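The block underneath contains the structure these notes are about, expressed in structure tokens.
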Amino acid sequence: MRRPQKLGKDHLGALLLLALGAAVFALGLGYRMGTLNRMGAGFIPVVLGVLMMGVGIALGVTAAPPGQREMVNPLPGHGTHAGGPDWRGWLCIVGGVVAFVVLGDHGGLLPATFASVFVSAMGDRHNTVKGAAVLAAILTLFCLIVFHYGLTLQLPLFQWT
Amino acid sequence: MHQSLMDLWFGFGIALQPSNLMWSVFGVLIGNLIGVLPGMGALTTISMLLPLTYVIAPVPAILMLAGIFYGSQYGGAIGAILLNLPSHPPHAVTCLDGYPMTKAGRGGAALGITMMASFFAASVGIVVMIFLSPVLVQIAFKFGPAEICSIMLLGLLAGATMSRGSPLKGVAMTIFGLLCGVVGTDVISGTMRYTFDLPDLADGVELGALCMGLFGIADFLVSVNRTTVKPSDAKVSMKDMRPTRAEMKQAFWPMVRGTMVGTLFGAMPGTGPTITTFIAYALERKIAKDPSRFGKGAIEGVAAPEASAHSKTQVDFIPTLSLGIPGDAVMALILGALIIKGIQPGPQLITEHPDIFWGLVASFWIGNVLLVIMNVPMIGVWVRMLQVPYKYLYPAALFFICVGVYSTKNSLFDVGEVAVFGIIGAIFLMLDFPVSPIVLGFVLGPMLEENFRRAMLLSRGDLLVFVQRPISAWFVGASTLLIAAQVLAYARRPRLAVVNEQASLVAE
């Protein structure tokens, strides 16, 4: 990343760890702490929360100044991670999983299958509506034969609840 | 020794039972098949097929998982060599010389050498496993809760600091994994912890959902619209796979040295396979007469890292099965599967479940023979598999993930967990955090907590017990050394900058 930013990746990561650690710590205090001899349910989480905050601070202190030698060395073919998320991809992929959950409950296996494949496929900018629909249809058929008849998956093909 | 050979004979009897053999073959085949696909590493493959193990008996289940593991590892090498595409991080090193060989028209020979190297290395690893495991078990029986805690600490620290990039980030992810393991009902007091009043979380986070979120969905999220995978135009036929006599001669000693590196590192809990392959490669380059050949298609640069990866894979099973301490995320997954099947890994495993242990050892050999037999005629199929475009691949994989997680407990809630862990994993990945230590922490977390609490109960709250008991003190000492080494490396960072640069290039 050439463009100087206010916060480097390491600083963001450090903040995230601090927040996570603090949240775990705060929630952990709600459980019984006990003593070292007889530990309560809260002991380990509280310790872990403190450790996490400690690592967060250490990371923030040792972080490279923003814009300087940030490690952007992805494996070839594994995304560059740089420049923020690809919103369309994120929306469609997460949407695909959510569609499976929602339609699995209110619709059944076949609608859930079709929707999850179709929605997630639309996340790739090279996929057309037609291409995604064909892919979804093929996998729905596959699902019917292999998972429903072959492996007798519990989820009904269609259901309205 | 005689006993070990008898046990091995018994193991072959188990592994050759038709149903066990069938699942083993299935695992190797499917692992190889999915491992070849771009972007599908051993972790993704195992987590996708993990639900299948819930419905079959423990022995075939574990044989199948092991088969998937080395099958996909071998499959990953194909992508690395022919397409410059390491779907499993350890293969990143193989790309450096494997892909130039493909461009020079020797891709087939590189694959052939990989196959020989992996078979040789795996065989050595298996032999080590046969003779070392019973010895380790003898020691392990002396372990009390304090020792188990210390060795887990060492394993977790090694796993966190020896993966990619910043050791601090690795430690942070291990802690995050431990925290994920805390979610659910506390076994000692029955308190619900971090369940956010969701009854579905009372049993804790589902292992399959966690892994598929972190290694499946998260990977799709950071890769979508960003991968620039060019379809391979490499044409490899069966007869291309035979390396020339000169190539064989050139590759022989690197193969032996790579195997030694892998065996050595496999015995150390927590050191990942990526670092092993990197060291094997660096060693070859160091002792080569003409180091400038490396990176331009030197066959040694393929043979050594592949051999080290495969011997490490085998030797890794020793601490996993005999101590219950997994060496890396893949081993953690296999361990998790064992626990789900109600089998407690640890020193008692070999005596209580000899069928699993010796069956597994024997099936390794059978599986590796299968890999060789299968891969020669099927190479044309694998090359065609490599050409499946990502835009069709990931929606299909996403669907398999959903169905797989659902079928584990017939719970759509678990599928929702996948989405959540996918987002969490993608955020961590974008901030350059490694995600595989999370699995290590998650699987070991409950065991660590239980043993820690027990150790404290026995010592009446005296933390010094960890350094007073000799075996435990040794592990604590090693952990301290590890931390000291990291601090030292940080203090001397300018001089190491070049090495780090290289390490981060090849490591995931």
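Please indicate, with yes or no, whether at least one residue in the stretch B:46-60 is within 19 Å of residue B:386 (Cβ to Cβ), out of contact with any Asp or Glu (no Cβ under 6 Å at 6 or more places or on another chain) and aliphatic (A, V, I, L, M). Checked the stretch B:46-60: at least one residue is within 19 Å of residue B:386 (Cβ to Cβ), out of contact with any Asp or Glu (no Cβ under 6 Å at 6 or more places or on another chain) and aliphatic (A, V, I, L, M).
For the subset of the stretch B:282-297 comprising residues that are of a type in the set (Gly, Ala, Ser) and under 13 Å from residue B:254 (Cβ atoms), which member is nearest to the chain's Cα centre (by Cα)? Break it down into steps so the answer makes sense when it comes.
In the first step, residues of the stretch B:282-297 are kept if they are of a type in the set (Gly, Ala, Ser); the result is B:282, B:288, B:292, B:295, B:297.
Narrowing further to those that are under 13 Å from residue B:254 (Cβ atoms): B:282, B:288.
On the way: B:282: 21, B:288: 29 Å.
In this case the residue turns out to be B:282.
Given the residues B:346, B:295, B:342, B:301, which is the only one that is within 30 Å of residue B:108 (Cβ to Cβ) and part of a loop (DSSP other than H, G, I, E, B)? B:295 is the lone residue from the list that is within 30 Å of residue B:108 (Cβ to Cβ) and part of a loop (DSSP other than H, G, I, E, B). Within the stretch B:396-425, the set of residues being modelled with pLDDT of 90 or more, of a type in the set (A, V, I, L, M) and under 20 Å from the mean Cα position of the chain (by Cα) is empty. Each residue in the stretch B:423-472 was checked for being of a type in the set (Val, Ile, Thr) and either surrounded by fewer than 24 Cβ atoms within 10 Å (Cβ to Cβ) or touching a strand residue (DSSP E or B) at 6+ places or on another chain (Cβ under 7 Å) (or both), and 6 of them qualify. Could you please let me know if residue B:54 is surrounded by fewer than 24 Cβ atoms within 10 Å (Cβ to Cβ) and of a type in the set (Ser, Thr, Tyr)? Yes: the conditions hold for residue B:54. Each residue in the stretch B:159-180 was checked for being crowded, with 24+ Cβ neighbours inside 10 Å, more than 9 Å from chain A (Cβ to nearest Cβ), in a helix (DSSP H, G or I) and of a type outside the set (Val, Ile, Thr), and 5 of them qualify. Taken as a whole, the condition of being at pLDDT 80 or above, in a helix (DSSP H, G or I) and within 30 Å of residue B:391 (Cβ to Cβ) applies to residue B:34.
Select, from A:7, A:20, the only residue that is modelled with pLDDT under 90 and either exposed (fewer than 15 other Cβ atoms within 10 Å of the Cβ) or part of a helix (DSSP H, G or I) (or both).
Values: A:20 fails: modelled with pLDDT under 90.
Step by step, each of A:7, A:20 is checked, and only A:7 is modelled with pLDDT under 90 and either exposed (fewer than 15 other Cβ atoms within 10 Å of the Cβ) or part of a helix (DSSP H, G or I) (or both).
Search the stretch B:6-54 for residues being aliphatic (A, V, I, L, M) and without any contact (Cβ under 8 Å) to a residue 40 or more places away in the chain, and hand back the single one that is farthest from residue A:147 (Cα to Cα). Don't jump to the end; show me each part of the working.
Going residue by residue through the stretch B:6-54, those that are aliphatic (A, V, I, L, M) are B:6, B:8, B:14-16, B:21-22, B:25, B:28-30, B:33-34, B:36-37, B:40, B:42-43, B:46, B:48-50, B:52.
Filter once more, so that each one left must be without any contact (Cβ under 8 Å) to a residue 40 or more places away in the chain: B:6, B:22.
Details: B:6: 42, B:22: 20 Å.
Going through the qualifying residues, I end up with B:6.
Would the stretch B:398-416 turn up any residue that is away from chain A (no Cβ under 14 Å), free of Cβ contacts under 8 Å to residues at least 24 places away in the same chain, closer than 30 Å to residue A:138 by Cα and assigned to a helix (DSSP H, G or I)?
Residues of the stretch B:398-416 away from chain A (no Cβ under 14 Å): none.
For the stretch B:398-416, residues away from chain A (no Cβ under 14 Å), free of Cβ contacts under 8 Å to residues at least 24 places away in the same chain, closer than 30 Å to residue A:138 by Cα and assigned to a helix (DSSP H, G or I): absent.
When A:133, A:115, A:137, A:99 are checked against the criterion of being touching a Ser or Thr at 6+ places or on another chain (Cβ under 6 Å), in a helix (DSSP H, G or I), modelled with pLDDT of 85 or more and more than 8 Å from chain B (Cβ to nearest Cβ), a single residue qualifies: A:99. Applying the criterion of being facing chain A (nearest Cβ under 10 Å) and not in a helix (DSSP H, G or I) to the residues of the stretch B:426-469, the residue that is nearest to the chain's Cα centre (by Cα) is B:433.
Going through (1) at pLDDT 85 or above; (2) surrounded by fewer than 21 Cβ atoms within 10 Å (Cβ to Cβ); (3) in a loop (DSSP other than H, G, I, E, B) one by one, residue A:1 falls short only on (1). Condition first: modelled with pLDDT under 90, surrounded by fewer than 17 Cβ atoms within 10 Å (Cβ to Cβ), more than 30 Å from residue B:411 (Cα to Cα) and at the interface with another protein chain (Cβ under 7 Å from one of its Cβ atoms). Can you find one or more residues in the stretch A:49-61 that meet it? No: the stretch A:49-61 contains no residue that is modelled with pLDDT under 90, surrounded by fewer than 17 Cβ atoms within 10 Å (Cβ to Cβ), more than 30 Å from residue B:411 (Cα to Cα) and at the interface with another protein chain (Cβ under 7 Å from one of its Cβ atoms).
Residues are listed down the side, and each one gets a yes or a no for (1) among the small types (Gly, Ala, Ser); (2) within 14 Å of another protein chain (Cβ to nearest Cβ); (3) within 20 Å of residue B:364 (Cα to Cα):
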position	(1), (2), (3)
B:76	yes, yes, yes
B:81	no, yes, no
B:84	no, yes, no
B:89	no, yes, no
B:92	yes, yes, no
B:100	no, yes, no
B:106	no, no, no
B:109	yes, no, no
B:115	no, no, yes
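The values are calculated or read from the model by the stated rules, or taken from the named source; none is laboratory data. Remember, it's a predicted structure, so these values are computed and weren't measured experimentally. Every residue, glycine among them, receives a Cβ derived from its backbone with ideal geometry; neighbour counts consider all protein chains shown.
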